[in-house]
Amino acid sequence: MKSMIVCLLAVVLCIGCLAGCGSKKAASPLDKIKDAGKLTLYTEAGFAPYEFLYNNEVVGVDIEIMKEVAKEIGVELVIEDVTFDTICASVKAGKCDVGAAGITITEERKESIAFSDPYTSTAQYVVVLADNNEIATVEDLAGKDIGVQQGTTSDFMIEDLINDGTLAGATSSGYTAPAVAAASIGKLDAVVTDKLTAETIVANNAEKYQCFKLVKADGSDAAEVEAYGIAVPKNSPDLLETVNKVLERLLADGSIAAWEEKYNGIAKGLEG
């Protein structure tokens, strides 16, 4: 009888242990960030005013936003400066916790990663030499050598227009910052980028460049207005919720608009 009781108790204890193990939840991505004590951000510091180098430090609108997210979570923000076209893939692969680099929300990107709510919008602009009177519409870019930042919506749009024949004879040259210098010495005919970046380039090089919104010959927009979002892994709903909570607060209190004005001013004061 004693042996039977001991066996029964052992079975009950085993069942209890198994039940306890089965009910234990795996740590969520947000829990892992808290445990690590850091939020790792991938960005590319060449897209003023959202992220750029100033006094040997990566600064900008996106950086301020992510500092607030890190503060909300209670961890340190770690910034990694990488090439833009690797950011979304790195977010998907879990190499970083989030990506923020003026990333346009697109349906194609949403297939592999999640996006926060939009926090700002932009349009495509073209930058040409100050004395260029040949380029005024997107069709005028046909046969031209066009600089676009690799992996951006500017890149995708120009590539699509080349492929569908709209920009017959045009070529697309991927770049980061060096495209601006290339355009100034005639190696490129135009640079296509987002509005604030284009305006910053011209503000710092008014004697060299002019910029304007990229439109079609009929005056309509060449591309849809684009919205920026923070890139988050699809398996991180709790992190996404936290990011959206912070964005809602920053939009409501005017912080994001103030940072855009502040960092646009700083960027316009830098050498072009």
Item to complete: Have a look at Asn204, Asn133, Asn55 and tell me which one the Gaussian network model of the chain (Cα, springs below 10 Å) gives the largest fluctuation.
Response: Asn55
Item to complete: Given the options Ala36, Ala48, Ala136, state which has the largest fluctuation in a GNM of the chain using a 10 Å cut-off (strictly under) for Cα springs.
Response: Ala36
Practice prompt. Would you please give the residues with an amide H less than 5 Å from that of Phe212, counting only those at least 5 places away or on a separate chain, with H modeled from the backbone geometry?
Written response: Val126
Discussion item. Please list, in order along the stretch 58-75, the HN-Hα scalar couplings obtained from phi with the Karplus expression 6.51 cos²θ - 1.76 cosθ + 1.60 (θ = phi - 60°), rounded to whole Hz, x for Gly and Pro.
Written reply: 7, 10, x, 4, 4, 5, 4, 4, 6, 5, 5, 5, 4, 5, 4, 6, x, 10
Response to the item:
A chain fully extended from Ala89 to Gln150 at 0.36 nm per residue, minus the present Cα-Cα distance, gains in nm 20.6 nm
Worksheet item: How large is ³J(HN,Hα), in whole Hz, for each residue of the stretch 47-54 in order, when computed from phi with the Karplus curve 6.51 cos²θ - 1.76 cosθ + 1.60 and θ = phi - 60°, using x for Gly and Pro?
Response: 9, 5, x, 7, 7, 6, 8, 9
Worksheet item: How about Lys234: which lysines have a C-alpha closer than 21 Å to its C-alpha, ignoring those fewer than 8 places off in the same chain?
Response: Lys25, Lys32, Lys34, Lys38, Lys92, Lys95, Lys110, Lys245
Worksheet, complete the sentence: Restricted to the stretch 32-134, the DSSP antiparallel beta bridge percent, nearest 5, is 40
Item to complete: Consider just the alpha-carbon atoms of the stretch 15-169 and return their Rg together with their Dmax, both in angstrom.
Response: 20.8, 81
Discussion item. Accessible area of the stretch 192-272 with a 1.4 Å probe: how many percent of it is carbon plus sulfur?
Written reply: 51
Fill in: Pairwise centroid distance, computed over Cα atoms, of the stretch 66-112 with the stretch 201-265, Å
15
Fill in: Size of electric dipole in the chain: Cβ of Lys, Arg +1 and of Asp, Glu -1, about Cα centre, debye, nearest 20
1560
Worksheet item: Per residue, what accessible area does the chain have, given a 1.4 Å probe and all protein chains present, in Å²?
Response: 51
Item to complete: Mind pulling the angle between the C-alpha long axis of helix 2-23 and the longest principal axis of the chain? Nearest 10 degrees, somewhere in 0 to 90.
Response: 10
Worksheet entry | J(HN,Hα) series, the stretch 31-39, from Karplus relation 6.51 cos²θ - 1.76 cosθ + 1.60, nearest Hz, glycine and proline x | 4, 5, 5, 5, 5, 6, x, 8, 10
Worksheet item: Lys/Arg Cβ at +1, Asp/Glu Cβ at -1, dipole of the stretch 26-140 taken about the Cα centre: which of Ala101, Asn133, Ile33 is farthest positive-ward?
Response: Ile33
Worksheet item: How big, on average over all directions, is the shadow cast by the Cα convex hull of the stretch 43-93, in nm²?
Response: 3.8
Worksheet item: So what's the Cα pair-distance distribution over the chain, bin width 5 Å, in %?
Response: 1, 6, 11, 15, 15, 13, 10, 8, 5, 3, 2, 2, 2, 2, 1, 1, 1, 1, 0, 0, 0
Worksheet entry | On Cα atoms only, tilt of 195-204 relative to the major axis of the chain in degrees | 50
Response to the item:
By the Cα gyration tensor axes a ≥ b ≥ c (a/c under 1.5 gives rounded; else a/b larger than b/c gives prolate, otherwise oblate), the shape of the stretch 22-73 is prolate
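The values are calculated or read from the model by the stated rules, or taken from the named source; none is laboratory data. Small disclaimer: the values here were computed from a predicted structure and weren't measured. Reconstructed Cβ throughout: ideal geometry from the backbone, glycine too, with neighbour counts over all protein chains shown. Accessible surface areas use protein heavy atoms only, side chains included; no ligands, DNA or RNA. Shrake-Rupley method; radii C 1.70, N 1.55, O 1.52, S 1.80 Å.
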